[in-house]
Amino acid sequence: MAASVRTESKARLKALRGALAKEKADALLVTDLKNARYLTGFTGSNAFVIVTESKAFLLTDSRYATQASLEVKGYGIKIITKAIDAIAGLVASLKIKTLAFEAANVTCSTHSKLGEALPKVKLKPTTGIVGRLRVKKDSGEIERLRASARLLDTGYRDAMRLIRPGVVERDAALSIEMALRRRGADGLAFDTIIASGPRGALPHGKASHKLIKKGEFVVVDMGVLMDGYNSDETRTFVVGKATVRHKEIYGIVKGAQAKALEAVKPGIKAGAVDAAARDHIKKAGYGKYFGHGTGHGVGLDIHEGPSIAPGNEEILEEGMVLTVEPGIYMPGWGGVRIEDMALVTKGGYELLTNTGKDLIAL
């Protein structure tokens, strides 16, 4: 494990212990795999983490014994067979009286089994205790997100080459995805969206068997996964010559994104960024065609905090990475969305995705 990764793990563990103290719990049981990875660096598919004021443990099964020993430092590693029994045994040995757990990631069944195995331990539900730490990215995370975004930009060069009249949406998506994998993507952040013509009114219209036709908008929303970190970007193209209506709708969305990006800076409420985009679209007369939030955080998860949504009081901080993605979706006709990833900096923001945003006719 590189020294920088060990330093990240140590700093995160310290921050978690500070947050745990405020919860008035003796320990935290982490069951969310992304949260476990964030804390420990472990990339396996079976992991539980238990953290106390002075000790920390990673629990996994025998498939990952060697992997855990290579990836995880600063945690006691325990190879287990039955998770509930192992967790209960460790909690008992540590003399834990109050065990906090991730309420959003523990099923009713698991909670019941833990209660039966630990009758004298208070189980305390918590929400977002690790997620709040993940919202601000450290330097290592930012570099991983930059790399993921740089690779994703190359996919849009492929899209501009491949999208033509008569091409099937799924065929274009597959070709782009294969090229991205060859260039180093570990996988996709989500199913590629290529939505042409009326399908562009579907915000999550993943690539279908539809033929792309001349005179249509084509919404392309893609993301890749690199070293655990996601990227997310959307561009909208027109096939053939753009009409007056194409130019009007596209210009409104482009202007809305510019307004929202201007609002991005430390100390601003997330909801204010959403309002900047939403108000611009409303003033242009298309407010009813923009229903979703303006953006979301990006990191180990493709959707994480902060939520750039109406009324969100969360304050933006330097080091957050978020998307800004307003859109207009008109049923029966089509849609436009423009999305970029932005890093919140001391003086404002820095774009991590950099595909051009002028309306391009293919």
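None of the figures in this text is laboratory data; all of them are computed from the coordinates on show. All of these numbers come straight from a predicted model, not from anything done at the bench. Cβ placement follows ideal geometry from the backbone for every residue including glycine, while neighbour counts extend to all protein chains displayed.
Specify the angular offset, from 0 to 90 degrees and rounded to the nearest 10, of the alpha carbon long axis of helix 83-93 from the longest principal axis of the alpha carbons in the chain. For helix 83-93, the angle is close to 50 degrees.
Largest GNM mean-square fluctuation among ALA309, ALA260, ALA56, using the chain with Cα springs under 10 Å: ALA56.
Checked against a 27 Å cut-off, the cross-linked pairs LYS282/LYS346; LYS137/LYS283; LYS24/LYS346; LYS10/LYS97; LYS214/LYS283; LYS136/LYS247 give Cα-Cα distances beyond that limit for LYS282/LYS346; LYS137/LYS283; LYS24/LYS346; LYS214/LYS283; LYS136/LYS247. Taking Cα atoms only, the orientation of helix 139-162 departs from the longest principal axis of the chain by about 30 degrees.
Between the beta carbons of LYS10 and GLN67, assuming R0 = 22 Å, the FRET efficiency works out to 0.65 to the nearest 0.05.
Helix 169-182 and the longest principal axis of the C-alpha atoms of the chain enclose an angle of approximately 50°. DSSP bridge analysis restricted to segment 3-134 gives an antiparallel fraction near 40%, rounded to the nearest 5. Computing Rg/Rh (Cα atoms, Kirkwood Rh) directly from the structure and comparing it against [x] 1.07; [y] 0.99; [z] 1.03 singles out [z]. For the pair LEU202 and SER54 in one chain, pulling the backbone fully straight at 0.36 nm per residue adds 48.3 nm over the alpha carbon distance.
Per-residue Cβ neighbour counts within 10 Å put MET178, MET226, MET341, MET160 in the sequence MET178, MET160, MET226, MET341, beginning with the fewest. What the Cβ-Cβ distance of VAL106 and LYS78 gives, at R0 = 22 Å and to the nearest 0.05, is a FRET efficiency of 0.70.
Once the C-beta distance of ALA258 and THR43 is scaled by a Förster radius of 56 Å, the resulting FRET efficiency is 0.90 to the nearest 0.05. Most simply put, the chain has about 75% antiparallel DSSP beta bridges, counting only bridges with both residues inside it. When both segment 132-207 and segment 33-80 are represented by their alpha-carbon centers, they are found 31 Å apart.
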